[in-house]
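Please read the structure below before turning to the comments.
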Amino acid sequence: MSRSEFVLRGNISTQASYGMVQAVHVRDGRIVELGNQRLADELIGGGIEAISVPDRGVALPALIDAHVHLSHYAVGSDRGVDCRVPICTGISDVIDRLRERASITPPGEWVIGYGNLFLDQKLAERRYPTRQELDRASSEHPIVLHGGGHVSLLNTKALELIDVKRFMGPGQGLWGAPIVELDEHGEPTGYVAEIDAHLSIPEPSVAQIAESVTGRFRSEMLSRGVVTVGEMLEKEDQLQALERVAADDGYGGRIAMYVMSPSFRSLEQSFEWIGGYAGRDDLLWAQGVKLFADGGYSARNAASLQEYAPEQVGRTHYRGILNKSRAELMRAFELSDEHGVQLAIHTNGTRAQAEVLQALIAFGKKLDVRIEHLGNVLEDPSFLDQWKRAGVTPVMQPGFLGNFIGDYVPMLFPGHGMQGRMPMRTILDAAISPVICSDIGLGADVGSTNPWHTIAAAVNRKSFWGLHVEPHEAISVEEAVLAHTATAAASIGRGHDLGTLEPGKIADIAVLETDPFSVDTAKLPEVRAERVFRGGEVVFEQGRS
């Protein structure tokens, strides 16, 4: 619904120095002025349309999820079989669900399932299904079970179609160093990691990707108050789908794209592509290049300063794998400086984080660099000085406390993993402003697209199994919302016009049914939007499709 001018009245949190106000005057998609009830009355008396915030609700800047794999999540969720815990509790449940899908799928076509990160620890058997168990679901269909964003399990039919042994040499996978597990006879067990993009699974059409992205975004994110996302772009067909989505008035959001190298383009080509990409005004734009300095904890690929428990990795003195040499990092910094393009660097493990920070400090020039997952695990608070010297933006995922960090980092690193898990209080007290986001992708726990799930995780700090994780590191709802709005806007290059409600800024506003600042924090994930504005236009309204 298009409105050229209106006044929003009620309880309104600006997330800026204005604090709480009672009136926001919007004209031609931007905020004109802020004030109290008197301003609202004057504008209404002058014939300006009034829109009221619900009595028990609050309005605030539309939320920004600065790191998502929305295409990956939406397509995978729509075409896959949900085998996540607690939907499935044991391997037999997983096999039953895959068998049910196979029964309605023509022989020879793929059956795709997906579970959560660390599915091997969340299932009752505390392990992944074997190739032979997947064969019991069907021997006539290739089956893949994605166990999070890094690990996949294949049945015998799938292994017949894919020469996975070609990934056993040195090289780089999609999100880390590739892994192919072999049995005692030297044959693949079906466990692979970091090679999902090379599994020869038929791709959906551009139209199907666009439909999935729009549907999932509107129902799971826009309805909760998210308007802008930072999408990690893997492939050309995803780009074409996002261009289609951005041209569709029914989408309702904004998309900052980060091209993933090397999956989308080589490093040099990625920077050149961003410089030449026109985008679609402020609804879709190329923001930065994303690199992977290491892999994932679930694949035991995250590069850590500490050694993994030998029983978790089948060897001793193993500390994960660094994907980038110092020379490769320096080349990326040179290109970022030369092109004036932001870098987003994935660093799950503490060793990868240390290497990137030390390289940035050695580079010696101020760059616009986001470090994804920096601070999710902090080896030592003294390392925060390096963060400041490097001038980086830490992009954190509090939802990972429940997804895996709370329970499974201590399992991977006995004696070291009980401290420094998502130490947000320590980070804020060090005068560092982190971004919080979902990093939603196939493998996230149920509800992870909901920003209030992320905010609740930062405040309540519960593990997957319900344990309180270092509760002294909790932050307030107000601090968490700021990290999901103003700080997030700055991290995607839009701090000048998004993220706060101030005169001159774009009127992206979430009107919530409930006041998250006063609700019982256990009920934060229940917070919903009553309506959402993008550039002063209503793009979502509760009860309307």
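Yes/no matrix, rows are residues, columns are (1) polar (S, T, N, Q); (2) crowded, with 19+ Cβ neighbours inside 10 Å:
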site	(1), (2)
P106	no, no
G113	no, yes
D120	no, yes
E125	no, no
T130	yes, no
R136	no, no
P142	no, yes
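What tally of residues in region 358-380 results from selecting those that are farther than 21 Å from E473 by Cβ and crowded, with 24+ Cβ neighbours inside 10 Å? So that I can check it myself, show each step before the final result.
Here is the first cut: in region 358-380, the ones farther than 21 Å from E473 by Cβ are 358-370.
Now restrict to residues that are crowded, with 24+ Cβ neighbours inside 10 Å: 360, 370.
Here the count works out to 2.
Would you mind finding the one in A303, A241, A278, A286 that is modelled with pLDDT under 95, among the aliphatic types (A, V, I, L, M) and either under 22 Å from the mean Cα position of the chain (by Cα) or more than 28 Å from P410 (Cα to Cα) (or both)?
On the way: A303 fails: modelled with pLDDT under 95; A241 fails: modelled with pLDDT under 95; A286 fails: modelled with pLDDT under 95.
One residue alone meets the criteria, A278.
Identify, from the list Q208, Q238, the residue that is under 27 Å from V532 (Cβ atoms), surrounded by fewer than 23 Cβ atoms within 10 Å (Cβ to Cβ) and in contact (Cβ under 8 Å) with a residue 24 or more places away in the chain.
Working: Q238 fails: surrounded by fewer than 23 Cβ atoms within 10 Å (Cβ to Cβ).
None of the other options fit; the residue is Q208.
Inspect all residues belonging to region 81-96 and state whether any of them is closer than 20 Å to Y297 by Cα, of a type in the set (V, I, T) and free of Cβ contacts under 8 Å to residues at least 40 places away in the same chain.
Yes, region 81-96 has at least one match.
So M411 clears everything in (1) in contact with an Asp or Glu (Cβ under 9 Å, 6 or more places away or on another chain); (2) surrounded by fewer than 20 Cβ atoms within 10 Å (Cβ to Cβ); (3) under 18 Å from H150 (Cβ atoms) except one condition, right? Which one?
(1)
Only one of these conditions is not met by G225: (1) without any contact (Cβ under 8 Å) to a residue 40 or more places away in the chain; (2) touching a strand residue (DSSP E or B) at 6+ places or on another chain (Cβ under 6 Å); (3) crowded, with 18+ Cβ neighbours inside 10 Å. Which number is it?
The single condition G225 does not satisfy is (1).
Among the residues of region 135-168, which ones are touching a Phe, Trp or Tyr at 6+ places or on another chain (Cβ under 9 Å) and of a type in the set (V, I, T)?
Hits for region 135-168 are I143, V144, V151.
Since T485 meets every condition but one in (1) over 17 Å from the mean Cα position of the chain (by Cα); (2) among the β-branched types (V, I, T); (3) more than 16 Å from Q397 (Cβ to Cβ), which condition does it not meet?
With (1) over 17 Å from the mean Cα position of the chain (by Cα); (2) among the β-branched types (V, I, T); (3) more than 16 Å from Q397 (Cβ to Cβ) applied to T485, the lone miss is (1).
Output the number of the condition that L335 fails; it satisfies all remaining conditions of (1) of a type in the set (A, V, I, L, M); (2) part of a helix (DSSP H, G or I); (3) within 22 Å of the chain's Cα centre (by Cα).
Failing condition for L335: (3).
Got a number for residues in region 198-228 being part of a helix (DSSP H, G or I) and touching an Asp or Glu at 6+ places or on another chain (Cβ under 7 Å)?
Initial filter on region 198-228 (part of a helix (DSSP H, G or I)): 198, 206-220, 222-224.
Okay, now just the ones that are also touching an Asp or Glu at 6+ places or on another chain (Cβ under 7 Å), so 206, 209, 212, 214.
Count: 4.
For region 110-141, which residues satisfy the criterion of being of a type outside the set (K, R), part of a loop (DSSP other than H, G, I, E, B) and either closer than 22 Å to G447 by Cα or free of Cβ contacts under 8 Å to residues at least 40 places away in the same chain (or both)? Quick ask: steps written out before the conclusion?
Pass one, region 110-141, residues of a type outside the set (K, R): 110-121, 123-125, 128-130, 132-135, 137-141.
Narrowing the set further to residues that are part of a loop (DSSP other than H, G, I, E, B) leaves 110, 115-118, 123-125, 128-130, 138-141.
Those that are of a type outside the set (K, R), part of a loop (DSSP other than H, G, I, E, B) and either closer than 22 Å to G447 by Cα or free of Cβ contacts under 8 Å to residues at least 40 places away in the same chain (or both): G115, N116, L117, F118, L123, A124, E125, P129, S139, E140, H141.
Checking D380 against (1) among the charged types (D, E, K, R); (2) within 24 Å of the chain's Cα centre (by Cα); (3) closer than 20 Å to A430 by Cα, which single condition isn't satisfied?
Failing condition for D380: (2).
Answer yes or no as to whether E203 is within 30 Å of E328 (Cβ to Cβ), surrounded by fewer than 19 Cβ atoms within 10 Å (Cβ to Cβ) and touching a strand residue (DSSP E or B) at 6+ places or on another chain (Cβ under 9 Å). I'd like the intermediate steps shown before the answer.
Details: within 30 Å of E328 (Cβ to Cβ): yes; surrounded by fewer than 19 Cβ atoms within 10 Å (Cβ to Cβ): yes; touching a strand residue (DSSP E or B) at 6+ places or on another chain (Cβ under 9 Å): no.
Answer is no for this residue.
Determine if region 516-524 includes at least one residue that is in the same structural domain as V32 (by TED's automatic domain parsing), surrounded by 18 or more Cβ atoms within 10 Å (Cβ to Cβ), modelled with pLDDT of 95 or more and not polar (S, T, N, Q). Even if it seems obvious, please write down each step before you answer.
Step one: of region 516-524, the residues in the same structural domain as V32 (by TED's automatic domain parsing) are 516-524.
Okay, now just the ones that are also surrounded by 18 or more Cβ atoms within 10 Å (Cβ to Cβ), so 516, 524.
From the residues that got through so far, the ones that are modelled with pLDDT of 95 or more too are 516, 524.
If we keep only those that are not polar (S, T, N, Q) too, we end up with 516, 524.
The answer is yes, given that some residue of region 516-524 is in the same structural domain as V32 (by TED's automatic domain parsing), surrounded by 18 or more Cβ atoms within 10 Å (Cβ to Cβ), modelled with pLDDT of 95 or more and not polar (S, T, N, Q).
Determine which member of the set I371, I405 is among the β-branched types (V, I, T) and either without any contact (Cβ under 8 Å) to a residue 12 or more places away in the chain or in a helix (DSSP H, G or I) (or both). Can you show your working first?
Working: I371 fails: either without any contact (Cβ under 8 Å) to a residue 12 or more places away in the chain or in a helix (DSSP H, G or I) (or both).
Among I371, I405, only I405 is among the β-branched types (V, I, T) and either without any contact (Cβ under 8 Å) to a residue 12 or more places away in the chain or in a helix (DSSP H, G or I) (or both).
Looking only at region 253-276, which residues are surrounded by fewer than 23 Cβ atoms within 10 Å (Cβ to Cβ) and either free of Cβ contacts under 8 Å to residues at least 12 places away in the same chain or assigned to a helix (DSSP H, G or I) (or both)?
Hits for region 253-276 are R265, S266, L267, E268, Q269, E272, W273, I274, G275, G276.
The values are calculated or read from the model by the stated rules, or taken from the named source; none is laboratory data. Predicted, not measured: the structure shown is a model, and the values here were computed from it. With ideal geometry, Cβ positions are generated from the backbone for all residues, glycine too; neighbour counts draw on all protein chains shown.
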